[in-house]
Amino acid sequence: MREAVNWEHALVTGNGRQGALCWGTPAEIRLTVSHERLFLPLRAPLPAPDTATILPHLRDLLDQGQYARAAQEVCERAAAGEPAYTDTVWIDPLVGAATLTVRPHHPAANLERSVDPATGLVVLRCWDELGETRVEVFASRPADAIVVRLSATGGFSGSLALGLIEGAPPRPVRARTDSGADGILLTAEFDATWPGALTGYRVRCRTLAGDVDGSVVRSDATLVIRTLLPGRPDPDVRGDFDTLLDAHRAVHGELMGRVHLDLAGDPADRAAPAARLLAQPVGPALVERLFEAGRYAVVSSTGELPPTLQGVWSGSWTPPWSSGYTLDGNLPAAVAALLPTATPELLLPVFDLLEAHRDDLRHNARRLYGARGLLTPVHLSTHGRQNHFGPVWCQTFWTAGAAWMSRLYVDYWRYTGDREFLRDRALPFLREAADFYLDFVPVRDGTALFSPSYSPENAPASTGSQACVNATMDVAVVRDLLGNLLRYAADDPAAPAWRSLLAALPGYRVADGLLAEWCHDGLDDQPAHRHASHLWPLWYEPDPLITEDPVLRAAAVATVRSRLAWWAGAESDEMGYGLAQLGLAAAALGLAEEAYDTVVTMAGRYWRENLVPTHNRDALFNVDIAGGLPAVVGAMLVRSAHGRLDLLPALPGAWPRGRVTGLAARDAIRVRELSWAPGRARAVLWAAERTRVVVGAPPGMTIGGAPQVTLSLPPGQPVTVLLSP
């Protein structure tokens, strides 16, 4: 693997809370460390814009088709109350904490880099005819620290330098570095005086073993690096490098080992360097490698908080979009594979994040729309106030967030069977999410009206403005939310109101043979776009209103193919997670080759040889499809919804044989093993509790001569299902 020209090409290791980017040259090996809570404080949170008092006026403008004017008036109203809203207000960005630069006294000529996803160990090996130098790095989960071993032929000697990351911060950062016999300490301070603001941090590089005097290394050595935020503990790290690695491997390796994918790729390709695989046409071996690499990136960047746009890593003071949590697509894509790949505990930080900001979400609902309940912003990091919007990107009009997040709560329950979670966390969030829609959505002539509305980042061809009414996504997420509440809390006092709003929701619309992105007549589709938000009803448990209606199903199929045709063009190089959206929809519809096309495009365009994906083609370090690609592959092999478990529902011709172990399904079912070859397949199912489920075979196969069978899975006992022609 070639030298990393900058931090975006680094190899990564992380324990969710702390991360390290490993890059540089043989003369200067750099370890840029980061912390999941190190968001640079840019400004105090602002009140969300007070638009509740002008909501009737905004709705009048939207009724008159003055969409852009409605968005502009929100900005004018906001700026009149708060001058900061004259410009775009960004969330606090995730930034790198420091870079440790290792300078060997006798640098070798060659550099070889590798990372082991099973352990999280990164090795940078420099060598020439005189010997080799090795820098080994991992982020220990048990010790919550970056552990580094320096070694060389004849013993390592060199120097260390610990300093701030490169570049100019957007606000002053005062920093000093102190060296002593116990290591190096970098202290950074911010001029942030508002309540709750981060005032600074420290990075401590301590010697665990070896002859190190401050910045001078005279022998092979082991170092421990930890980024410390105010009020966070700094416990001692004990043990040698191998002992610490063994302890980390036991935790990290168990998470990674829960699922294994084998698509019967060429053994030579499986062992090939990533650069060679990425330079070839996409084949089974590359899909296997990226399935594992994607899971590795997300597992390694999920700690107390979920992954940001850049996971837990940052080497910049000004990351794209501030590298926070973007709820209208990026964050859901990053975590999309956590449940089907049997790591449900890694989804809990999403709920922790939302609940930590619940007061802000209530504030948004009151200020923007005079409503009860929860209104999530599109972007958040250190707070949940709706502060980021503009006349074009009119994100105050996006009201789908809390309902979308409610589906994640429901799915955690559906995959785990955790009744306490359903009772204590899921249903309270769903109820409060529904309160917002009960207040916000009027019913006119028997039909609910989402006004204003927003289909993320797209604009109807007929208006050119992202402001709209009745975006299909809004209708779909609220239909899902209310249906789940009526399923799991039917005796709630609010149930009649939920039922009434559910009955009033507009139906899906077909326009020009496609599933319309806006349910409102006169808002013409714009299919040349990276998002596919109107396909949301197919990303999780497919909406029967679409899948069981021949006209709507055909329109959804045509929509997937239309969007894929756009992705095949030259204008579609940005936002790779849009392909994950399409892939999940295609798999839900049984479109095997279309789903495979999304995997091939994600694999062929959006991964670098460091095996971290990018947002655009070879641009912008980003972890969205690190979750999206494994999620699509999993959906092609197993689909679980509405009491059904379909095996190989979207198996493409490129994978005629293979085996996957450990996938999870709804109803707390595990597919312990699923193997297939032409004309036959075998599945081993396991359920936590006695579970009745319909198991379906793919086209061309049967189960005991029938296309489907109803099984009663006994608790805790494997059941084998054989498929044949």
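Overview of results
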| read-out | value |
| --- | --- |
| Length released on extending from GLU129 to LEU438, taking residue separation times 0.36 nm less the Cα-Cα span | 103.9 nm |
| Förster-model FRET efficiency, 45 Å R0, ALA175 and ALA558, C-beta, rounded to 0.05 | 0.20 |
| Charged-residue dipole, Cβ positions (Lys, Arg, Asp, Glu), the chain about Cα centre, Debye nearest 20 | 1020 debye |
| Nearest-ten-degree value, helix 241-256 long axis tilted from longest Cα axis of the chain | 10 degrees |
| Rounded to 5, percent antiparallel among DSSP beta bridges of the stretch 679-725 | 95 percent |
| Loop trypsin sites (Lys or Arg not before Pro), the stretch 656-719, which have at most 15 other Cβ atoms in a 10 Å radius of their Cβ (DSSP) | ARG657, ARG690 |
| Calculated [θ] (222 nm, deg cm²/dmol) that DSSP helices of n ≥ 4 give over the chain, each run adding -39,500 (n - 2.57) | -9000 deg cm²/dmol |
| Under 10 Å, Cβ to Cβ, from VAL378 - net charge with Lys/Arg +1 and Asp/Glu -1 | -2 |
| Extension reserve of the ASP266-GLU574 stretch, reckoned as 0.36 nm per residue once the Cα distance is removed | 107.8 nm |
| Zone residues, the stretch 216-243, relative to HIS105, backbone N less than 13 Å from point 7 Å out along Cα-to-Cβ | 216-220 |
| Computed FRET value (nearest 0.05) for GLU593 with ALA52, which takes r as the C-beta separation and R₀ as 51 Å | 0.55 |
| Charge dipole (the chain, unit charges on Cβ, about Cα centre) - positive-most of ALA98, LEU38, PRO306 | PRO306 |
| Estimated FRET transfer efficiency when R0 is 60 angstrom, pair SER219-GLN64 (beta carbons, to 0.05) | 0.20 |
| Rounded tilt (10° steps) of 495-504 against the dominant C-alpha axis of the chain | 80 degrees |
| For the stretch 236-341, size of Cβ-based charge dipole, Lys and Arg +1, Asp and Glu -1, in debye | 220 debye |
| Label-point separation in nm, ALA80 to ALA528, each point 7 Å along Cα→Cβ | 3.8 nm |
| Dipole magnitude of the stretch 457-513, debye to nearest 20 (Cβ charges: Lys/Arg +1, Asp/Glu -1, about Cα centre) | 140 debye |
| Gain in span if fully extended, ASP240 to ASP618, counting 0.36 nm per residue against the direct Cα distance | 132.2 nm |
| Two-decimal log10 I(q)/I(0) for the stretch 483-586, as the Debye equation yields it once each C-alpha is a single scatterer, q = 0.25 Å⁻¹ | -1.33 |
| Degrees separating the helix 550-567 axis from the principal Cα axis of the chain, which is the longest one | 40 degrees |
| Antiparallel bridges, percent of DSSP beta bridges restricted to the chain (to nearest 5) | 95 percent |
| Selected from VAL441, PHE397, LEU422, residue furthest toward positive end of dipole (the stretch 397-496; charges at beta carbon) | LEU422 |
| With every protein chain in place, the chain: carbon and sulfur % of accessible area (1.4 Å) | 50 percent |
| Sequence ranges 81-93, 188-200, ranked by mean other-Cβ count within 10 angstrom, highest first | 81-93, 188-200 |
| Cα gyration tensor category, rounded, prolate or oblate, for the stretch 652-725 with a/c compared to 1.5 | oblate |
| Approximate spin-label separation ARG372-ASP116, in nm, with each point projected 7 Å along Cα-to-Cβ | 5.6 nm |
| Correct option for Kirkwood radius over Cα pairs in Å [calculated from the coordinates] among [x] 29.1; [y] 26.6; [z] 27.4 | [y] |
| Where a label projected 7 Å from the Cα of SER724 along Cα→Cβ would reach, residues of the stretch 654-693 with amide N under 20 Å | 657-658, 674-685 |
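The values are calculated or read from the model by the stated rules, or taken from the named source; none is laboratory data. Keep in mind it's a predicted model, so treat the numbers as computed, not measured. Reconstructed Cβ throughout: ideal geometry from the backbone, glycine too, with neighbour counts over all protein chains shown. Heavy atoms of the whole protein, side chains included, go into the accessibility calculation; ligands, DNA and RNA do not. Shrake-Rupley method; radii C 1.70, N 1.55, O 1.52, S 1.80 Å.
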